[in-house]
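J.: Have a look at this one.
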Amino acid sequence: MKQTVTAICQYLAATLFVALCLSAFGCADKASVSDEPAVPLSSLGITPGRLQPAFSSNVTSYTLRVSAATASVTVTARPKDGHATMTINGNITSAGQGRIVTLGPPGSTTTISINLTTQTGGETTYSIDVIRPLSSDNNLSALTVTPGTLTPAFDPATLNYTVNVATAVTQVTVLATKSDPVSVMSGSVTAGAGFATGQATIQLDGPGTSKHVSITVTAPNGAAKTYAITVNRLSGDNNLSALTVTPGALAPNFAPATLNYSVDVATNVTAVTVTATKSDSNAVLSGSIADPGAGQATGQVTIQLGGPGTSTPVSITVTAPNGDFKTYAITVNRLSGDNNLSALTVTPGSLDPTFAAATLIYTVDVATDVTEVTVTATKSDSNAVLSGSITDPGAGQATGQATIQLGGPGTSTPVSISVTAPNGTSKTYGVTVNRAAPASDNNLSALTVTPGTLVPDFAPNTTTYSVEVSSDVANVIVSATKSDPNAVMSGDVTAGAGVPTGQQPFPLIPLLPVTVSITVTAPNGDSKLYSVVIIRTLL
């Protein structure tokens, strides 16, 4: 009798535990409760998410709910018995090692099995049912209307938009892209599950009317959201049909689609009259010209100009009935007569005299080895034009530059730079670049024999020397340095142009003189012969 009561109490306790679990976690979750399993776990974790119920070693069945976007989970388990063998979904896994498990598609349940066995044959299986729900994403990720611009700018959370199009537009193309391709798009634009983008051509009603476009996005879990677009076919004519400046001529010629113009007037013009005609008389003029009034097409204004050489901007904004606007800009240039240079340089070289804007003639002397110079000229008025030896750098650019090839040594090369002011007056600057004749320096600046002493002492104009060395000297070194490094040294000691010093060893025989000859040829071809007689004495 006592055993029966005990069994009933155990049954009631188990029933109460299960009831509490169902109350806490919902009927959809499951928990398998038993006494301590044959091969228990000491810990069980899964990320992302949280097990239901919370882990207990004697609970072997669990449920986990993840988001629709979760494609995999990581399971980490540790047996109480350090010698037990553990597999996760059939894959042997070390205690504490994270095992990545790929989940089924949204709307599916994936069961993960953790099997534990011991060397003595004990076995326990824990299971986790991972529920991946259907997506609730009923958003659009992109929405466009062509032609047209959404107001406000598209945002997935914003459901209502307007689009204003010109009166000539009779249809628009609506392109919508679902955030979740598995959702379904219906209404004015359609796209089935698996197709991300839908497109529809919407025919508009007459000018001044509105067309309503409705797009419903239904998520895989059934949640729906509707986006609404109101397309207003209003007059969008914000063009001018005519534009003139008097005196003056627009450049380029007027065209409604061309927004930027310039007008050049003489230096004595102090004011111009600007006349603008709207293509749609119900549009509104603003800016430099005030609107002539409702239904009136033409407006006019007199613009006072700045001083000679200045530019005066004129701005005319045309706002269409639908609010679209366009701005025409005119720059009125009161032409300058500035035909000066503000700077002039020749590199290498220096102008003689020093540059001054009013001085037109210069000379520059350069060395004989200079074969070209760079001439840089800067206009005082960047709108003037350079010509001649320097090509103009372009409208509004102040500085031009040219590389000038020079004639042979001893010749002069003329450089001519003309500056034409915006009003057409011109001035010419001239530079004569003189390339020096080749140098005639055919001297040595130093001559030594080592060991040994020159007799007489070295002097550039002394060309003949002798040297006596003792009998124990078997070799000497003769070193010679040119006065002009660009000269050429030849003979027994050599050094090419640009190499200042030459050196050569010479073996000696007792009492047999050695004569060393050195010829120095200047850049202009003049040459000079130096000679040294070296005698090695007997003991």
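Just so it is clear, none of the values below were taken in a lab; they were calculated from the coordinates. Small disclaimer: the values here were computed from a predicted structure and weren't measured. A quick note on method: Cβ atoms are made from the backbone with ideal geometry, for glycine too, and the neighbour counts reach across all protein chains shown.
J.: What's the center-to-center distance, using Cα atoms, between the stretch 134-190 and the stretch 393-418 in Å?
T.: Distance between centres, Cα-based: 62 Å.
J.: Please list 112-119, 396-403 highest first by mean number of surrounding beta-carbon atoms within 10 Å per residue.
T.: 112-119, 396-403
J.: Please list the three semi-axes, largest first and in whole Å, of the ellipsoid equivalent to the stretch 172-212, using sqrt of 5 times the eigenvalues of its alpha carbon gyration tensor. Spell out each step's value before the answer.
T.: Working: eigenvalues 132, 12, 10 Å².
Each semi-axis is the square root of five times an eigenvalue, giving 26, 8, 7 Å.
J.: Okay, next question. Tell me, what HN-Hα J-couplings in whole Hz come from the Karplus equation 6.51 cos²θ - 1.76 cosθ + 1.60 at θ = phi - 60° for each residue of the stretch 367-380, using x for Gly and Pro?
T.: Calculated HN-Hα couplings, in order: 5, 5, 8, 7, 9, 7, 10, 9, 9, 10, 10, 10, 6, 5 Hz.
J.: How big is the dipole moment of the chain about its Cα centre under a simple scheme where the beta carbon of each Lys and Arg is +1, that of each Asp and Glu is -1, and everything else is neutral? Debye, nearest 20, please.
T.: The calculated dipole for the chain is roughly 1940 debye.
J.: Do you know the Lys pair count in the chain for C-alpha distances under 18 Å, with sequence separation 8 or more or different chains?
T.: Lysine pair count for the chain: 4.
J.: While we're looking at this one, here's another question. Compute the label zone of S57 within the stretch 69-100: residues whose backbone N is under 17 Å from the point 7 Å along Cα-to-Cβ.
T.: The answer is 77-86, 95-96.
J.: Of all DSSP beta bridges in the chain, what percent run antiparallel (nearest 5)?
T.: Expressed as a percentage, antiparallel bridges in the chain total about 80.
J.: Related question: For the pair V473/A367, report the inter-label distance in nm, with labels modelled 7 Å from Cα in the Cβ direction.
T.: Result for the modelled spin labels: 3.6 nm.
J.: Still on this structure: Roughly what angle does helix 2-25 make with the longest principal axis of the chain, taking Cα atoms, 0 to 90 degrees, to the nearest 10?
T.: That helix lies at roughly 50 degrees to the long axis.
J.: Listed highest first by mean packing, meaning other Cβ atoms within 10 Å per residue, what order do 512-522, 126-136 come in?
T.: 126-136, 512-522
J.: Using label points projected 7 Å from each Cα along Cα→Cβ, tell me how many nm separate T354 and Q304, to one decimal.
T.: 4.2
J.: If packing is taken as the average count of other Cβ atoms within 10 Å, what order do 424-431, 406-413 fall into, highest mean first? Intermediate values should be presented prior to the final figure.
T.: Details: 424-431: 16.6, 406-413: 13.8.
Peptide ranking by packing, descending: 424-431, 406-413.
J.: Another question, then. Applying the Karplus parametrisation 6.51 cos²θ - 1.76 cosθ + 1.60 with θ = phi - 60° to the phi angles of the stretch 305-319, what ³J(HN,Hα) value in whole Hz is obtained for each residue in order, glycine and proline being reported as x?
T.: 9, x, x, x, x, 9, 10, 10, x, 10, 10, 10, 9, 10, 10
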